[in-house]
Structure formats: structure tokens, C-alpha cells
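Reading through the C-alpha cells given below for one structure.
Each reported figure results from applying straightforward, stated rules to the coordinates on display, with no laboratory input. All of these numbers come straight from a predicted model, not from anything done at the bench. A quick note on method: Cβ atoms are made from the backbone with ideal geometry, for glycine too, and the neighbour counts reach across all protein chains shown.
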Amino acid sequence: MNDNEKEFEEFVREIKFDDTPDPGHRGRLEQDLLATMAKRLSQGQHPWNVWRMIMKSQITRLAAAAMIILAVALAITILNHSASPAWAIEQSIEAVGRYRALVIEGWDSERAWREDGSLEQRPFKSWAVANEDQTMIEKYRHQVNGIPIIITDGHKTWRYDMETNAVRIEDQPYVASQCWLGSQFLEQIKSFVGSVITNWEVTYAKDPTAGKQRAFLKIAWLEERYNGPRSLCIEFDTESKLPVSFKQWENANWEGPAALIGEKLTYYENLPDDLFEFEVPEGATVIEE
């Protein structure tokens, strides 16, 4: 080994870095190189001499090859991290606005409907069709364990109580029809940032079943006028930008069992009218209000 190679080997030996691929390592490595170069210059070495050593030395060529491999691995890692599709709520507002109908399948509890209800989960399925300007639900069907308990056709609402086997008929649309999970709902969430909403967090992960990238929006609020405290996590498909699932808790910390779980959300342009026709169960008491 000649003097130049020895000098370069000492130069490289002074640089300490972690060779595990990480986007932050490139900056740290550049800083280490500059610091080591500055130290050499302070000792009277000219920068061209140092780089001439680098280009002529055999050990340098091996080190350079290793650095190229490391740089490629680092670049791949950086690309993998940056390749995650970006998501913004404005995109989902636009995407949801193309549809008037929604089907939700999941799990709910009595607490989702009344304060003194049980938190025991039960399977449910809901169908909803919004009005023309998508500001509220026009038609709605909600069934638990396969039994319809609320149906509205836009004019009348039928409520079935399984415990008493009674049907209440109200001569009005569904009273909670403002709860349309559409663009207006997402617009409201957006408008509450910095005021009603106390927490807003977006994370990304891949769905192990579908193999697609997902964005998860976690929000929380304490306002009693919006039934607070509540916390909510909505899962969005980063390709279609549509919500695909959600969970809601009766606290502002996403803790404990969720009161309402939408495992699958499917959007449609419309749904058939016969879904919103109610058949009174045999022997049920009918109460018209």
C-alpha cells in the first residue's frame, strides 16, 4: 500500500456512519464527509489532492463501489417511502360527491342509538340514498341481525321494536336524516379543524387483505352539542379517495370498544326503491303517530 492509499484509508476510517438504509442517513453521511474533509484541509492538504487520491486508489474504487450500492439501496428506500399515495380530505369530498347512495355493513350497539343502551356488538347493514343536493338522507333502511328496524321511503318512517313486536309509523321522513355520510359530512369535518375538533391525525398503511394503500384519518372532539366526547377513525382508499370503513368511540381517546363500526362502505349512484318498502311482521302491533 502506497502513501496515498494509506492517507485515504485514514480519511475513510475517520468517517463513521450507519449503513442501514434510511432516508436520513444520506444527510448525516454528507455532513460527516464535509467534516472530515474540513479537518484534512485544516491540516494543510489541498482538496484536489484528496480527490485525486480517491480517483487513483484501488481501495478507493472498492469503497466507491460500495458507496454506489449503498446509495442505490438508500434511493430505493426513499422511493418506497415517498411512493405512498398522498391523500387529502378535499379529494375525498370530491370523490364522494359523485355518488348519492351508500351501503354500510358492520357492527353497532344499542349505545349508538340510546345513551342507556348496551355496548354489546351486533351485526347491522344500512342502505341510504341522499337527496339531489346530497345534504341529507332521503331514503333509509337499517337492519340488525337481518331484521329491519328502521325504514323510510322519504315520506313515512317505520320503526320496529323487536322486544315488544311493535311497529311505529311516523308520517315524516327519517328524523336523523341529516346524518348523510357524504361530501357535506366531510366538509363539516374539515370546517371543524381548529375549533370543534381537538385532534386530527393522518397515517398510512397497506390493507393486508386487499393489498391496497389506505389513509387513516383520526379525529376527536369534546363538544356536547355534537354528542361529545367522541373519537372517530375513517379509513380511505388512496386510489378512489372514498371512505371504506370507520369506527366511532364514546370518548375522545379511541379507547375501549367502539360503539359503532362500519367494516365495509360501498358507494352507488342509486339504489332500488323496493329496498325502502316496509313489511309489517306477522302479529306485530301497529302504532301510527
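Check each of the GluC sites (Glu not before Pro) in the range 151-234 and keep only those in coil by DSSP with at most 10 other C-beta atoms within 10 angstrom; list them in order. Walk me through the intermediate numbers first.
Values: sites: Glu163, Glu170, Glu187, Glu201, Glu223, Glu224; in loops: Glu163, Glu223.
Within the range 151-234, the qualifying GluC sites (Glu not before Pro) (loop, at most 10 other Cβ atoms within 10 Å) are Glu163.
Does the range 85-167 come out rounded, prolate or oblate by the C-alpha gyration tensor, with a ≥ b ≥ c the root eigenvalues, rounded set by a/c under 1.5 and, if not, prolate when a/b is larger than b/c and oblate if not? Can you show the working numbers first?
Numbers: a/c = 2.74, a/b = 1.55, b/c = 1.76.
Oblate shape, in that a/c is at least 1.5 and b/c is the bigger or equal ratio.
Just in the range 128-159: which trypsin sites (Lys or Arg not before Pro) are loop by DSSP and have at most 13 other Cβ atoms within 10 Å? Write out the running numbers ahead of the final one.
Values: sites: Lys139, Arg141, Lys156, Arg159; in loops: Lys156.
Taking the range 128-159 and a limit of 13 other Cβ atoms within 10 Å, no loop trypsin sites (Lys or Arg not before Pro) are found.
Can you give me the relative contact order of the range 109-226 as a percent, contacts being Cα pairs under 8 Å and 6 or more apart? Don't jump to the answer; show the numbers that get you there.
Details: 189 pairs, mean separation 17.0, N = 118.
Contact order relative to length: 14 percent.
Contour minus end-to-end for Tyr204 and Ala284, with contour as 0.36 nm per residue of separation and end-to-end as the Cα-Cα distance? Working shown, then result.
Details: separation 80, 0.36 × 80 = 28.80 nm, distance 4.86 nm.
Going from the current span to full extension adds 23.9 nm.
In whole Å, what are the Cα extents of the range 89-288 along the three principal axes, biggest one first?
Taking max minus min along each principal axis of the Cα atoms, the range 89-288 gives 51, 36, 35 Å.
Label points 7 Å out from Cα along the Cβ direction at Arg98 and Glu187: separation in nm?
Placing both labels 7 Å along Cα→Cβ, they lie 1.9 nm apart.
Consider just the alpha-carbon atoms of the range 143-248 and return their Rg together with their Dmax, both in angstrom.
17.6, 46
Stokes-Einstein D for the range 146-208 at 25 °C, 0.890 mPa s, Kirkwood Rh over Cα pairs, in µm²/s?
Values: Rh = 15.3 Å.
It diffuses with D of about 160 µm²/s by this estimate.
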